[in-house]
Amino acid sequence: MDKKFFSRQAVLLWFALFLIMQTGCKMEPTPPDAEKKPHEITTHGDTRVDNYYWMRDRENPKVIEYLEAENEYADAMMAHTEDLQEKLFDEIVGRIKETDESVPYFDNGYYYYTRYEEGKEFPIYCRREGSMDAEEEILLDVNEKAEGYDFYQATGLSVSPDNKMLAFGADTVGRRRYPIHFKDLTTGEILDESIPVTTGGSVWGNDSETLFYTTRDYNTLRADKIHRHKVGDDPDDSELVYYEEDNTFRVGVSRTKSREYIMIVSSHTLSTEYRYLDADNPGGEFTLFQPRERDMRYSVDHHGDNFYIVTNMDAPNFRLMKTPVNRTGKENWQDVIPHRDDVLLSGIEIFTDHLVVSERKDGLTQLRVMEWDGDEDYYLEFEEEAYTVRTSRNPDIDTDVLRFSYTSLTTPSSIYDYNMNTGERELLRQDEGLGDFEPDDYEARRYFATADDGTEVPISLVFRKGTELDGNNPLLLDGYGSYGSSRDPSFSSVRLSLLDRGFVYAIAHIRGGQEMGRHWYDEGKLLNKKNTFTDFIACTEFLIENNYTNPDLMFAQGGSAGGLLIGAVINMRPDLYRGVISRVPFVDIVTTMLDESIPLTTFEYDEWGNPNDPEYYEYMLSYSPYDNVEEKDYPAMFVTSGLHDSQVQFWEPTKWVAKLRDKKTDDNPLLLRTNMEAGHGGAAGRYQRYRETAELYAFLLDLAGISE
């Protein structure tokens, strides 16, 4: 039956279809757009017609009915894979150590750790005073707090300097509007007072009474205000200490590792601005560190008599500078580590006697250890060709031991303590791949694909040894390519369920991230954004040409901005893919970026461009996945969404799928799964999220003709 038949029918047909859907029939759901007038959007004299604009209203019962019908349709289309889904789910959770405990870290007299109990969805946050042999104190059992909620997420746990009070944020919807709650750690009592609509995190003054926190605009969710609150006072009387008037910036509050200063930061894509306050004087006034400048970013930490600044001032790949604590303007900044064209300086970790620098060179992360007196300066060495190494939780400044994490495509996430004086390295924990997992059973490789403009784009891939690489293997290519966020090679026990069934897994390190330095980001945003998509296509073609797969077994996935990637790519080259997964995809980019009332819009103009400018409008419109859907064949697709998503509004994937249903000319499955209780991150529970993963994997395996 012609699929377009449904989209041209009246509302009565919609209701008939909805009733049919309730019985499990596989007929496609159809948005009841016949009763809706097309919405016209005029920009720069150009008028676009959006037939599905009405889907923005989550309070409209017909919108909810449609989302539920799409879920029913996905259930019906995936019903034949239920046994496979169950097996995948059992495999995935079977690799999880059900009763588990994190590596403790030392902070202000206590050892802090997180543990999980068998069969429970949520973490239990704990501490022990002075020694791990001391009696356990439970700070927060999230399982207890989550009782009665479909969604629950605790975040931003912050203990006062006197160790007597806990502040934490809690979200019960997934919209990321976190009320802050307080727990008296001496009595175990949760206080009645709470602070609504915050980012969830908070910072204590050294008096252990004053709390600094960030609130969001209720509608746009922009973090725009910093408040000062005295525990015990009415939250309505909290003092506003800073308001960020520029709606292209967001604000946050933090504390230097030395615990001597509280910092307010205003930031957007291209610029930052800090203010600082002596933490011993939490009632004082904040002082401006260095006024914001267009195209200048900096971050600040403290050691001794100096502030240390990581900045891109005259340094595209960033450099490290220092300045006396009483002379913070940029005219006083002095080089500690100068700029280098071939090395991206991405961050620092300060210790009393050592400085640890996180860098990136040739697409790989690395850690550099330096002594303040200059006697030692060296890099930690690792044996694998491709890996990811990062500093871990290091709250104690008065130690010679660096804690770092290490992983690769074949090495589970590992936590090490490294003695910076002796060079001794101790493995504290390695995530267990329970079952018959052996690292030597898998092989990782690294290649470079050549993009249209001659740029060499890295690819990391992994497969199970013994897999015949003859071009007949299913392959899943993953990508992101936005915000300067790098997709580094890392291990996933979940991924083993694909690898053990013959899949090859690959990551395309495309422009828009920072894998190859800051220029890699600059060449994949704004008016260079299409490089992100053509890089991904070049990686796809490389993998096909080198017999890792073929178009009938080539799959791709991406989420959020990576979902935009997938949407743009399948508009450009749908013939390259058998199927794609697009999770919470940002696909209606032009309409969203024209609407300043939507979360994230105003402070992302420097990422995507401001469509109020005709040049950016035309460029964004030329690749916007939603606006470029055409009457042609598309790959099989599984699209996910969250009704309460605060980052990519639910209507973007919903409208995209509705338009695809109307336009596409193929018979490939098109599924939309909306989590009606969650937001951008999906299910919050430890096991719940793997139900979603099992369904997506079953979708891929079914398309690849693998039933077992």
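The values are calculated or read from the model by the stated rules, or taken from the named source; none is laboratory data. It should be emphasised that the depicted structure is a prediction, and the values quoted were computed from it without experimental measurement. Note: ideal-geometry Cβ built from the backbone for every residue, glycine included; neighbour counts use all protein chains shown.
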* To do: Could you tell me whether the range 308-315 includes any residue that is touching a residue at least 60 places away in the same chain (Cβ under 8 Å) and either in contact with a Leu (Cβ under 8 Å, 6 or more places away or on another chain) or buried (at least 18 other Cβ atoms within 10 Å of the Cβ) (or both)?
  => yes
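Within the range 438-447, can one find any residue that is over 19 Å from residue 492 (Cα atoms) and touching a Pro at 6+ places or on another chain (Cβ under 9 Å)? I'd like the intermediate steps shown before the answer.
Just the residues of the range 438-447 that are over 19 Å from residue 492 (Cα atoms), to begin with: 447.
Then keep just the ones that are touching a Pro at 6+ places or on another chain (Cβ under 9 Å); that gives 447.
Yes.
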* Structure fact -> In the range 350-392, anything assigned to a strand (DSSP E or B), of a type in the set (D, E, K, R) and without any contact (Cβ under 8 Å) to a residue 60 or more places away in the chain is listed as 359, 361, 368, 371, 377, 390
* Structure fact -> Checked the range 170-207 for anything in a loop (DSSP other than H, G, I, E, B) and within 29 Å of residue 645 (Cβ to Cβ); matches are 172, 173, 174, 175, 176, 177
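Is it true that residue 561 is among the small types (Gly, Ala, Ser) and out of contact with any helix residue (DSSP H, G or I) (no Cβ under 7 Å at 6 or more places or on another chain)? Steps first, answer last, please.
Details: among the small types (Gly, Ala, Ser): yes; out of contact with any helix residue (DSSP H, G or I) (no Cβ under 7 Å at 6 or more places or on another chain): yes.
Against the criterion (among the small types (Gly, Ala, Ser) and out of contact with any helix residue (DSSP H, G or I) (no Cβ under 7 Å at 6 or more places or on another chain)), residue 561 qualifies.
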* **Hits in the range 262-302 (condition: farther than 23 Å from residue 207 by Cβ, assigned to a strand (DSSP E or B) and of a type outside the set (D, E, K, R))** => 266, 267, 268, 271, 272, 288, 296, 298, 299
* Going through the range 256-274 one residue at a time, which ones are buried (at least 20 other Cβ atoms within 10 Å of the Cβ) and more than 25 Å from residue 598 (Cβ to Cβ)? -> 261, 262, 263, 264, 274
* **residue 558, sole failed condition from (1) under 23 Å from the mean Cα position of the chain (by Cα); (2) farther than 26 Å from residue 640 by Cα** => (2)
* Asked: Can you name the residue in the range 403-418 that is hydrophobic (A, V, I, L, M, F, W, C) and in contact with a Leu (Cβ under 7 Å, 6 or more places away or on another chain) and is also surrounded by the most Cβ atoms within 10 Å (Cβ to Cβ) among such residues?
  -> 404
* Asked: Considering the range 192-221 alone, what residues qualify as being out of contact with any Ser or Thr (no Cβ under 7 Å at 6 or more places or on another chain) and more than 17 Å from residue 155 (Cα to Cα)?
  -> 192, 193, 205, 206, 207, 209, 210, 217, 218
* To do: Scan the range 450-490 residue by residue and report those that are modelled with pLDDT of 95 or more and among the aromatic types (Phe, Trp, Tyr).
  => 463, 480
* Please work out which one of (1) loosely packed, with under 13 Cβ neighbours inside 10 Å; (2) part of a loop (DSSP other than H, G, I, E, B) is the condition residue 122 fails and give its number. => (1)
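Could you look through the range 151-169, keep only residues that are of a type outside the set (Ser, Thr, Tyr) and in a loop (DSSP other than H, G, I, E, B), and pick out the one that is farthest from residue 259 (Cα to Cα)? Lay out the reasoning, then the answer.
Here is the first cut: in the range 151-169, the ones of a type outside the set (Ser, Thr, Tyr) are 151, 153-154, 156-157, 159, 161-169.
If we keep only those that are in a loop (DSSP other than H, G, I, E, B) too, we end up with 151, 161-164.
On the way: 151: 34, 161: 9, 162: 13, 163: 14, 164: 17 Å.
Only one residue fits best here, namely 151.
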* To do: Give just the number: which of (1) surrounded by fewer than 17 Cβ atoms within 10 Å (Cβ to Cβ); (2) part of a strand (DSSP E or B); (3) in contact (Cβ under 8 Å) with a residue 24 or more places away in the chain does residue 240 not satisfy?
  => (3)
* Asked: What number of residues in the range 99-136 are touching a residue at least 40 places away in the same chain (Cβ under 8 Å) and more than 24 Å from residue 403 (Cα to Cα)?
  -> 3
* the range 551-564: number of residues that are under 24 Å from residue 631 (Cα atoms) and either in a loop (DSSP other than H, G, I, E, B) or not hydrophobic (A, V, I, L, M, F, W, C) (or both) -> 6
* Asked: Of all residues in the range 419-457 being assigned by TED's automatic domain parsing to the domain that holds residue 509, buried (at least 16 other Cβ atoms within 10 Å of the Cβ) and more than 26 Å from residue 497 (Cα to Cα), which is nearest to the chain's Cα centre (by Cα)?
  -> 457
* To do: Would you check if residue 523 is outside the structural domain of residue 389 (by TED's automatic domain parsing), closer than 30 Å to residue 469 by Cα, of a type in the set (D, E, K, R) and in contact (Cβ under 8 Å) with a residue 60 or more places away in the chain?
  => no
